[in-house]
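*Asks:* First the structure, then my questions, so here it is.
The values are calculated or read from the model by the stated rules, or taken from the named source; none is laboratory data. Please read all numbers here as calculations on a predicted model, not as lab measurements. Backbone-built Cβ (ideal geometry, glycine too); neighbour counts: all protein chains shown. For accessibility, only protein heavy atoms count, side chains too; no ligands or nucleic acids. Shrake-Rupley method; radii C 1.70, N 1.55, O 1.52, S 1.80 Å.
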Amino acid sequence: MTASVIMLFTNILKCITFCVFLSATTCHVYRVDNTQDSGRRFDGIGGLSGGGATSKLLVNYPEKYRDQILDYLFKPNFAASLQMLKVEIGGDSQSTEGTEASHMHNEWDENYQRGYEWWLMTEAKKRNPDILLYGLPWAFPGWLSNSFDNPYTNVTRTAEYVTRWLLGAKKFYNLTIDYVGIWNERPYDVSYIKTLRKTLDSNQLSRVKIVAADGGWEIASHLQDKELEAVIDYIGVHYPGTTTTKAALATGKQLWSSEDYSTFNDNTGAGCWARILNQNFVNGYMTSTISWNLIASYYNALPYPGCGLMTADSPWSGHYDVSSPIWMTAHTTQFTAPGWRYLPHGAGVGKLTYGGSYVSLVSPNQKDLTIILETMSHDHSLCIRPALPAYTVVPQNITLQLSGDLAKIQQLNVWYSKLAFGKSKQSVLFQKMPALKVLDGKIKLYIDVDVVYTLTTLTQGNKGSYPDPPVRKPFPDTYMEDFEGYPLHSEPVDFAQQTGSFEVVAGCHSHGNVLRQVVLQTPLFWCKADTFNKSLNLIGNPKWSDVYVSSDVAIGPINGTNGVFVAARVDQGGCQAWQAKGLFFFLFPKEKKYILANDLVRVVPLKEGEATGAVNGWNNIELAVEGNIAIGRLNKQTLFNVTVPATPAHGFVAIGTDSYGIADFDNVHIKSSGS
Ligand SMILES: *[C@@H]1O[C@H](CO)[C@@H](O)[C@H](O)[C@H]1NC(C)=O
Ligand SMILES: *[C@@H]1O[C@H](CO)[C@@H](O)[C@H](O)[C@H]1NC(C)=O
Ligand SMILES: *[C@@H]1O[C@H](CO)[C@@H](O)[C@H](O)[C@H]1NC(C)=O
Ligand SMILES: *[C@@H]1O[C@H](CO)[C@@H](O)[C@H](O)[C@H]1NC(C)=O
Ligand SMILES: *[C@@H]1O[C@H](CO)[C@@H](O)[C@H](O)[C@H]1NC(C)=O
Ligand SMILES: *[C@@H]1O[C@H](CO)[C@@H](O)[C@H](O)[C@H]1NC(C)=O
């Protein structure tokens, strides 16, 4: 017998024993009783924008479709109705799908018009003023420390930097941030956490709560330090696999899965999400679960494509997909609110005998009850780390016995989903069913495999919808950008910066607005991509093979970079961006040299030579790739016409710099013969 069969057998025995004592006609009776409280407040279900650049393409959508997408995510009683939005506090450094801009690129710089998280938070608040906001850094700009892997060399400075972001949110956007974290999945520092609290308090930010430490459970063992215990409001861990530790429970703190899910948003992903939304509490007493990521709005050739609650990665066509995890979320979020309370284990919370789980929550006035049941059978190794043991789930008849004040409930409204696997089968997603009468405090329910039920006293559920969006189309084959249409400091749409940080600034010498790479030194990085001192900004269709790219380029006269490049057939970004292959045409104007390389870090140079036509100020560089020929031109003079390797055969177009330091780009022109 396999372990799961033994488990099942043991459970049946337990149940039979239970039933004998209960002398009930049906087995599998689950008591739901509000006489006691679990001692755990529900803190909300959230999505994470960032870690990093996961919402990059969302902002580019035509407004009509963008508003629809935002409604699917945030509008209460419509779809996902998210209760919390967590965002990255940008650190000018690669944090999974790209770089998010810092509000202080340098010690002398401060600006709150960068990136898209401000915009996203504002849109979320517009739809749901009660949505909770949570900010967390993945990386920090290099000036904060002289050590690349330690943002705590001067804890005051780092605490002030983070506090400024929170103050900026209020001052420029009237956003009140509810929670702030330490450093994503990286070491925390006890003295930093204490200093952060003091700095927040002395800046009238006492109501901002600290979540620590967005990593593993080991923070719990440090809370014997009473001063630390007093300043940590929540313990947030990542991918807890639905379980917790004795030490964490002993702290008495609210426990959160402050990053979880991370899987493709098909039905397997949806099953995973439904399962952890319940079982993070059932197994691990966690009262908030946050999805990485909120929405897959990044080029799908970057790592972890489609790992959001829904996908919107084609702004040029307006196409987006409302994926099934959206409706799994609705089963909880539309019928609860942060501040509701979980009932205790054994009195509304637990495992179902034949697989699956149930949780019950009551409103603060105890008048309303919501029960969510799930029987997900599909596991996903990426989603639950470490993977939950696979267990058998079979159809079952259950009885819920309402007790305490809840016995007065006459009927419960029912919302139902069934995830179908296999080609011909149709899923049912978030469908209202006839209400169930409660007889003698009992509800009987037949529960199939791979279903979610919400049983609730609330009458408010709603499956929001919009007409189908336009069909998906590839990135346009002709692209021209002069950056004139952008507000200063914004990030241009469609450019997906991978290392370095690029923003629109007012250029000089009749160039109007230009795109500037602004990072001057290696950031306090989150992953290896930033340690190679190259900036890389991707755009276009990763299937492009024959392609032409042209850009005006200028090295900053002060704090400038050594060299700039345009590139074609670039095969990757993300934390592996340093391994990107492609055809990279570097120009070093001061040295009057060029290099054509087969990779970003130039381990494989293909051709190098003089670039005598390079001038001070603006130069124009062009790269045309067709079949196995690459032609490079500088200020309309051909520099090279060479045969190039067959790999990579296709990829993004890119611009970037050879080292950190200032460089400007303008009049970027791309033409491809298609994919
Ligand atoms: C730490 O940072 C603070 C604030 O930026 C600064 O006033 C102080 O001089 C720094 N301390 C050291 C030892 O550099
Ligand atoms: C700022 O937001 C609060 C709600 O958080 C609102 O009451 C207030 O009117 C807003 N102030 C402005 C100036 O918009
Ligand atoms: C559930 O109950 C119904 C009606 O009593 C019965 O027909 C069915 O076989 C039961 N199913 C299971 C899986 O026990
Ligand atoms: C990148 O620059 C930093 C300092 O600016 C230096 O320590 C590091 O060695 C450089 N890395 C590479 C790969 O050149
Ligand atoms: C260049 O860097 C120095 C510090 O190294 C700084 O004082 C100066 O403001 C910077 N200038 C520009 C234009 O970035
Ligand atoms: C590039 O070289 C090939 C042969 O090596 C030649 O046929 C072609 O005309 C050249 N193109 C340009 C633009 O110089």
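*Asks:* Carbon and sulfur together cover what percent of the accessible area of region 540-671 at a 1.4 Å probe radius? All intermediate terms of the calculation are to be shown ahead of the outcome.
*Replies:* Working: 2510 of 4910 Å².
Exposed carbon and sulfur together represent 51 percent of the surface.
*Asks:* Could I ask something else about it? For region 445-477 and region 482-520, what is the separation of their C-alpha centers, rounded to whole Å?
*Replies:* 38
*Asks:* Rg and Dmax of region 44-341, Cα atoms, in Å?
*Replies:* Every Cα atom of region 44-341 included, Rg and Dmax give 18.1, 55 Å.
*Asks:* So, one more: In whole Hz, with x marking every Gly and Pro, tabulate ³J(HN,Hα) for region 648-664 from phi via Karplus 6.51 cos²θ - 1.76 cosθ + 1.60, θ = phi - 60°.
*Replies:* Result, ordered by residue: x, 7, 7, x, 5, 8, 8, 10, x, 10, 7, 8, 5, x, 7, 8, 10 Hz.
*Asks:* Below 8 Å, C-alpha to C-alpha, sequence gap of six or more: please give me the relative contact order for region 478-672 in percent. Present the calculation step by step, with values, prior to reporting the outcome.
*Replies:* Numbers: 550 pairs, mean separation 61.2, N = 195.
Contact order relative to length: 31 percent.
*Asks:* I would also like to ask the following. Taking the simple approach of a point 7 Å from Cα along Cα-to-Cβ for both Asp482 and Asn628, what is their distance in nm?
*Replies:* 4.1
*Asks:* Could you tell me the distance between the Cα centroids of region 223-251 and region 157-189, to the nearest Å?
*Replies:* For region 223-251 versus region 157-189, the Cα centre distance is 20 Å.
*Asks:* Moving to a separate point now. Using 1/(1 + (r/R0)^6) with R0 = 41 angstrom and r between the beta carbons of Asp149 and Lys442, what's the FRET efficiency to the nearest 0.05?
*Replies:* Numbers: r = 59 Å, r/R0 = 1.44.
Efficiency for this residue pair is about 0.10.
*Asks:* Considering only the other residues whose Cβ falls under 15 Å of the Cβ of Gly168, what net charge follows from Lys and Arg at +1 and Asp and Glu at -1? Show your work: numbers first, answer last.
*Replies:* On the way: positive: Arg114, Arg164, Lys170, Lys171; negative: Glu88, Glu100, Asp109, Glu110, Glu117, Glu160.
Combined, the nearby Lys, Arg, Asp and Glu give -2.
*Asks:* Evaluate the relative contact order of region 44-341 (contact order divided by residue number), counting alpha-carbon pairs under 8 angstrom at least 6 apart; express in whole percent.
*Replies:* Working: 638 pairs, mean separation 64.6, N = 298.
Over region 44-341, the number comes to 22 percent.
*Asks:* Compute the distance from the alpha-carbon center of region 620-668 to that of region 104-149, in whole Å.
*Replies:* Region 620-668 and region 104-149 have Cα centres separated by 33 Å.
*Asks:* Let me ask you something else. Solvent-accessible area of Leu436, probe 1.4 Å, all protein chains present, reported in Å² to the nearest ten, please.
*Replies:* Spelled out: Leu436, probe radius 1.4 Å, area about 40 Å².
*Asks:* Return the sequence-ordered ³J(HN,Hα) values of region 457-469 in whole Hz as given by the Karplus equation 6.51 cos²θ - 1.76 cosθ + 1.60 applied to θ = phi - 60°, using x for Gly and Pro.
*Replies:* 6, 6, 10, 8, x, 7, 8, x, 7, 10, x, 3, x
*Asks:* Further, regarding this structure: Nearest 10 degrees, 0 to 90: what angle lies between the long axis of helix 324-333 and the longest principal axis of the chain (Cα atoms)?
*Replies:* 50
*Asks:* Would you tally the net charge around Ser147, using a Cβ to Cβ cut-off of less than 15 Å, leaving Ser147 out, and scoring K and R as +1, D and E as -1? Let's see the in-between values first.
*Replies:* Numbers: positive: Arg157, Arg186; negative: Asp149, Asp189, Asp530.
Neighbourhood net charge equals -1.
*Asks:* Let me ask something else about it. Note down the net charge around Ala611, summing +1 for each Lys or Arg and -1 for each Asp or Glu among other residues with Cβ under 10 Å from its Cβ.
*Replies:* On the way: positive: Lys592, Lys593; negative: Glu591, Glu608, Glu610.
After counting each charged neighbour, the total is -1.
*Asks:* Report ³J(HN,Hα) in whole Hz for each residue of region 206-223, in order, from the Karplus equation J = 6.51 cos²θ - 1.76 cosθ + 1.60 where θ = phi - 60°; Gly and Pro get x.
*Replies:* Those phi angles translate into 4, 7, 6, 8, 9, 9, 9, 10, 6, x, x, 7, 4, 3, 4, 6, 8, 7 Hz.
*Asks:* Out of the DSSP beta bridges found with both residues in region 44-341, what percent are antiparallel (nearest 5)?
*Replies:* On the way: 4 of 38 bridges.
Among the beta bridges of region 44-341, antiparallel pairing accounts for roughly 10 percent.
*Asks:* Can you give the helix-only mean residue ellipticity at 222 nm for the chain, where every DSSP H stretch with n ≥ 4 adds -39500 (n - 2.57) and the sum goes over all residues, rounded to the nearest 500 deg cm²/dmol? Could the numbers behind the result be given before it?
*Replies:* Values: 9 runs with 111 residues, N = 675.
When only DSSP H runs of four or more count, the value is -5000 deg cm²/dmol.
*Asks:* Give the relative contact order (percent, whole number) for the chain; include only Cα pairs under 8 Å separated by 6+ residues.
*Replies:* Values: 1812 pairs, mean separation 101.9, N = 675.
Computed over the chain, the figure is 15 percent.
*Asks:* OK, next. Relative to the longest principal Cα axis of the chain, at what angle does helix 3-22 sit, 0 to 90 degrees, rounded to 10?
*Replies:* Value to nearest ten degrees: 30.
*Asks:* So what's region 142-216 giving for Rg/Rh, alpha carbon basis, Kirkwood Rh from the mean inverse pair distance?
*Replies:* Values: Rg = 12.2 Å, Rh = 12.8 Å.
Computed over Cα atoms, the ratio is 0.96.
*Asks:* Give me the Å³ per residue figure for the convex hull around the C-alpha atoms of region 93-173.
*Replies:* Details: hull volume 8.5 nm³, N = 81.
Value for region 93-173: 104 Å³ per residue.
*Asks:* Solvent-accessible area of Cys307, probe 1.4 Å, all protein chains present, reported in Å² to the nearest ten, please.
*Replies:* Roughly 10 Å² of Cys307 is accessible to a 1.4 Å probe.
*Asks:* Return the inverse of the average 1/r over all pairs of distinct C-alpha atoms in the chain, which is the Kirkwood hydrodynamic radius, in Å to one decimal. Present the calculation step by step, with values, prior to reporting the outcome.
*Replies:* Details: mean 1/r = 0.0377 Å⁻¹.
Kirkwood hydrodynamic radius for the chain: 26.5 Å.
*Asks:* From the C-alpha coordinates alone, can you work out the Kirkwood hydrodynamic radius of region 185-325, in Å?
*Replies:* Working: mean 1/r = 0.0601 Å⁻¹.
Result for region 185-325, one decimal place: 16.6 Å.
*Asks:* Separate question: With the cut-off at 23 Å, tell me which of the pairs Lys56/Lys590; Lys64/Lys671; Lys581/Lys607; Lys351/Lys418 have Cα atoms farther apart than that. Walk me through the numbers before you get to the answer.
*Replies:* Details: Lys56/Lys590 34 Å; Lys64/Lys671 28 Å; Lys581/Lys607 15 Å; Lys351/Lys418 19 Å.
Violating the 23 Å Cα-Cα cut-off are Lys56/Lys590; Lys64/Lys671.
*Asks:* Could you give me the radius of gyration and the Dmax of region 478-672, taking only the C-alpha atoms into account and expressing both in angstrom?
*Replies:* When restricted to Cα atoms, region 478-672 yields Rg and Dmax of 15.0, 41 Å.
*Asks:* Further question on the same structure: Hey, what angle do you get for helix 190-201 against the long axis of the chain, alpha-carbon based, 0 to 90 degrees rounded to 10?
*Replies:* The helix 190-201 is inclined about 90 degrees to the chain.
*Asks:* Of the beta bridges DSSP finds with both residues in the chain, what % are antiparallel, to the nearest 5? Let's see the in-between values first.
*Replies:* Working: 108 of 149 bridges.
Of all bridge pairs located within the chain, approximately 70 percent are antiparallel.
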